[in-house]
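None of the figures in this text is laboratory data; all of them are computed from the coordinates on show. Keep in mind it's a predicted model, so treat the numbers as computed, not measured. Neighbour counts run over all protein chains shown; Cβ positions are idealised from the backbone, glycine included.
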Amino acid sequence: MHSWSDRLRFAFQPVVNLATGAVAALEILARPEAGDVLARARREPELDGRLAASALREAARRETLLPLHVNVFAGTLADLGRLAALRDAVRAAGRLPWEVTVDVGPPFTHVPHRALLEAVAALRGEGFRICADGVGDGDVPLRLLDELAPDLVKLDASLLTRTATVRAMRTLCEESGALLAVEGVETELQCAAARGAGAQLAQGDLFAPPARLPTSEVYVPELPGSVGTVRPAGPSVREFVRPAALLPEAASAEQVRRLLTGAPEVSGVLLVDGDGVPVRSVQRDRFLLSLSARYGHALYADRPAARLGDRPRTVGVTATAWEVLDVVADGGHLRTADDVAVVDDDGRCVGVVRLADLVRALAESRVEQAAGLNPLTRLPGSDAVTGEVDRWVAQGRGFALSWLDIDGFKQVNDGAGFAAGDELIRSVGRTLARTESEAVRVGHIGGDDFLVLADPERLDPLACAVLDAPWSAGGRAVTMSLATVVCPPGSVPDHRQAAARLAPLKQAAKALSGASWVCGRAGDESFEVRRGPGAAAAASPREGAPGSS
């Protein structure tokens with residue numbers, strides 16, 4: 001009589017980092033050749049726990065160094081708690097708990113939430129990482145998802161057609177510190193949509209189908225830098241994290257040598273203490289050079305590898321790419337090839353970042369930004385600002401969107417010449433650029449039109465900077481018109497509706513003589529004249545106010 005284990009095989013599917021194209025981890029999938037083992041596992045927590053342990057042992061037999069994902073049902077966790085069989089398998093394989101992510105999958109209905117949360121807390125306390133699996137295609141309640149506080153959320157690729165839902169999940173992940181992954185990606189269009197939605201990770205047959213042997217060779221299509229979003233000024237280090245090669249701090253030089261020579265893709269090894277905190281960093285080339293020197297192997301092989309290591313360079317998971325570059329710069333030119341360890345709030349290593357990945361991504365970002373800059377002012381175009389509007393909307397953030405125009409600019413060009421007109425536009429652009437910060441974004445739409453996104457409390461300084469300045473061109477005094485729509489959190493779904501509300505305010509401001517500023521609110525047809533004739537008087541287009549035609 002055959003046991004369930006005789007009829008079960010395992011397959012490995014890569015989890016891909018969408019920013020670097022590298023394999024971030026391997027998910028181990030059970031593939032029964034006969035019978036209903038998985039259906040039984042859903043009903044029998046002990047069997048499901050043994051399946052997870054078997055998956056881990058299979059990965060150990062394949063000698064993969066990549067982080068691993070193992071699957072368990074939510075009911076299994078609630079019933080078994082700490083998953084003793086899996087913990088024992090991790091220990092026997094010589095792996096560290098934080099190299100293993102437990103993918104907790106549906107069904108969640110009828111699972112005792114308190115028991116599930118206690119089990120997750122116990123696993124997390126030992127160092128395991130937690131993934132909420134099947135989100136969007138399962139029955140996980142949003143409240144439970146929030147209470148689980150997973151390190152990773154896996155969305156089904158079918159949700160990519162529902163951009164508002166994916167955007168909301170991305171915001172939830174950003175605020176909780178979780179990564180967002182999309183599973184079941186089968187087409188290049190889905191891959192582009194996943195990256196455009198802000199997902200850092202993805203898996204599916206497009207990259208590599210499940211296979212009996214682990215692989216680090218995947219297909220990642222060339223993608224545009226962004227789809228409907230604007231990359232923040234400082235991209236998160238999370239976008240560039242690679243798996244780390246970890247060994248205990250007492251590891252010998254010979255152990256490190258065997259790891260490096262057996263895995264040519266590994267650029268360095270981190271030696272960690274019992275809590276997973278990096279204590280020494282061993283860079284591949286320098287280490288192997290030391291061992292290859294005369295008597296090097298005899299001198300160092302049986303001694304601690306830490307003697308040939310350096311103090312690790314670390315950054316937190318909330319760091320930006322620019323902060324990583326600062327760390328690299330402080331390390332001196334001899335260590336520019338060293339990996340930078342990324343650590344969590346407890347100082348435990350969650351991966352490494354390579355300088356080459358950062359430089360390539362930041363260079364591409366700069367090229368994309370430069371291509372979108374107005375050649376006259378070197379300010380980004382409207383796409384940059386409207387993309388940022390959508391990001392603020394997704395974050396539930398209130399904002400003010402303003403349009404600025406030079407009054408009678410055609411007459412300026414006709415009377416003073418186009419050179420004077422160009423210089424005036426450049427001067428306005430420089431003034432607006434000086435107001436730019438995390439709370440203010442400036443774009444040059446074209447001609448004499450500018451677009452400004454700002455926190456509502458930054459409106460008065462912005463207005464003073466552009467309306468109170470003594471503008472002139474060719475000896476002619478020039479005034480500006482400013483129109484603003486204030487959008488409280490949740491008042492508009494995207495930049496298009498904000499722009500539609502801004503259009504009549506622009507007409508109202510242009511209808512006023514001299515320097516003018518008209519301000520309205522999303523969802524309200526009335527507006528306030530803050531500068532110009534009738535300032536501080538509330539008006540409405542339906543009541544014959546300026547611009548009512």
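Observations on the model:
- Taking a Cβ cut-off of under 13 Å around Ala473, the surrounding Lys, Arg, Asp and Glu residues balance to a net charge of -2, with basic ones at +1 and acidic ones at -1.
- Taking a sphere under 14 Å around the Cβ of Arg426 and counting the other residues whose Cβ falls inside, with K and R at +1 and D and E at -1, yields a net charge of 0.
- Cβ-to-Cβ counts within 10 Å put Thr314, Thr101 in ascending order as Thr314, Thr101, the fewest first.
- In Hz, Karplus ³J(HN,Hα) per residue of region 190-203 (6.51, -1.76, 1.60; θ = phi - 60°; x = Gly, Pro): 5, 4, 4, 5, 5, 5, x, 7, x, 5, 8, 10, 7, 8
- Vicinal HN-Hα couplings computed from phi for region 84-96 (Karplus, 6.51 cos²θ - 1.76 cosθ + 1.60; Hz; Gly/Pro x): 4, 4, 5, 4, 5, 5, 4, 5, 5, 7, x, 8, 9
- Peptides 384-391, 492-499 ordered by average Cβ neighbours within 10 Å, highest first: 384-391, 492-499
- Degrees between helix 355-371 axis and first principal axis of the chain (Cα, 0 to 90, nearest 10): 20
- Taking only alpha carbon atoms, the chain gives an Rg to Rh ratio of 1.08, where Rh is the Kirkwood radius.
- Nearby lysines by direct alpha-carbon distance to Lys410 (threshold 24 angstrom, same-chain neighbours under 8 apart not counted): Lys506, Lys510
- Selection of trypsin sites (Lys or Arg not before Pro), region 256-323, meeting DSSP coil and at most 15 other Cβ within 10 Å: Arg294
- Here r is the Cβ-Cβ distance between Asp205 and Asp383 and R0 is 30 Å; the resulting FRET efficiency, rounded to 0.05, is 0.40.
- With each label modelled as a point 7 angstrom along the Cα→C-beta vector, the Arg31-Arg9 pair spans 0.5 nm.
- Averaging the Cα positions of each part gives two centres, and for region 469-522 and region 254-319 these lie 60 Å apart.
- DSSP beta bridges confined to region 246-359 are antiparallel in about 65 percent of cases.
- Region 4-228: relative contact order in percent, alpha carbon pairs under 8 Å with at least 6 residues between: 21
- Across region 134-176, the volume of the C-alpha convex hull divided among the residues equals 66 Å³ per residue.
- Each residue of region 12-28 was assigned a 3J(HN,Hα) from its phi angle through the Karplus curve 6.51 cos²θ - 1.76 cosθ + 1.60 (θ = phi - 60°); the sequence is 10, 10, x, 9, 9, 7, 6, 7, 9, x, 8, 7, 8, 6, 10, 8, 9 Hz, with glycine and proline shown as x.
- Qualifying aspartates and glutamates (Cα of each under 17 Å from Cα of Lys154; at least 8 residues distant if same chain): Glu27, Asp103, Asp133, Asp137, Asp139, Asp146, Glu174, Glu175, Glu183, Glu186, Asp205, Glu239
- For region 4-228, the alpha carbon convex hull comes to 115 Å³ per residue, rounded to a whole number.
- Mean Cα-pair separation over length for region 376-543, i.e. relative contact order, pairs under 8 Å, 6 or more apart, %: 25
- Taking amide hydrogens as placed 1.01 Å from N in the peptide plane, the amide H of Phe10 sits under 5 Å from those of Arg31, each at least 5 positions away in sequence or on another chain.
- Rounded FRET efficiency, nearest 0.05, which uses the C-beta distance separating Ala439 from Leu289 and R0 of 51 Å: 0.55
- Expressed to the nearest 5 percent, the antiparallel share of DSSP beta bridges inside the chain is 60 percent.
- Translational diffusion of region 376-543, estimated by Stokes-Einstein from the Kirkwood radius over alpha carbon pairs at 37 °C in a medium of 0.692 mPa s, is 205 µm² per second.
- Less than 5 angstrom separates the built amide H of Met480 from those of Asp407, Ala515, Ser516, all sequence-distant by 5 or more or on a different chain.
- Put simply, the amide H of Ser252, placed in the peptide plane, has neighbours under 5 Å in Ala305, leaving out anything fewer than 5 places away on its chain.
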